[in-house]
Amino acid sequence: MDRTRLAHERTLMAWVRTATSLISFGFTIYKFFQLETQREALHLTHPLIGPNEFAIIMIVIGISALFLGTLEHRQSLQQLRAEGANVPRSTAMIVASLVSILGVIALLAV
């Protein structure tokens, strides 16, 4: 049971890593094009999806992936508890919550 619980913790931490990459990459794209536009008066044509929209999409995908990974983790822990395992509080869940707050702040900043 402990190995199974730890496997679920590792899986959630992988989701956290992926979501953090998506959120930070999206925010970096936004800031890069914001600085380039201000510095060089870069005039982009109006494509279907511009840099700002792409950055927002990346951040939203990161937040969504983290949310879905957290739901899956929670369901897995509930199944372990139903089988009678003593499951302590999930540290990965706390980290996922903090990263999701970071993602929402990044989305609001964009």
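The values are calculated or read from the model by the stated rules, or taken from the named source; none is laboratory data. Being a predicted model, the structure only gives us computed values, none of them experimental. Virtual Cβ from ideal backbone geometry, glycine too; neighbours counted across all protein chains shown.
Only one entry of VAL110, VAL99, VAL87 meets the criterion of being farther than 19 Å from LEU12 by Cβ, crowded, with 16+ Cβ neighbours inside 10 Å, aliphatic (A, V, I, L, M) and touching a residue at least 12 places away in the same chain (Cβ under 8 Å), and that entry is VAL110.
When region 5-56 is limited to residues that are surrounded by fewer than 14 Cβ atoms within 10 Å (Cβ to Cβ) and at pLDDT 90 or above, the one that is nearest to ALA92 (Cα to Cα) turns out to be ARG10. Any residue that is among the β-branched types (Val, Ile, Thr), closer than 18 Å to LEU6 by Cα and modelled with pLDDT of 95 or more - is there at least one of those in region 71-92? No, region 71-92 contains no residue that is among the β-branched types (Val, Ile, Thr), closer than 18 Å to LEU6 by Cα and modelled with pLDDT of 95 or more. Is it the case that ARG10 is of a type outside the set (Phe, Trp, Tyr) and not in a helix (DSSP H, G or I)? Here the answer is no, as ARG10 does not meet what is asked.
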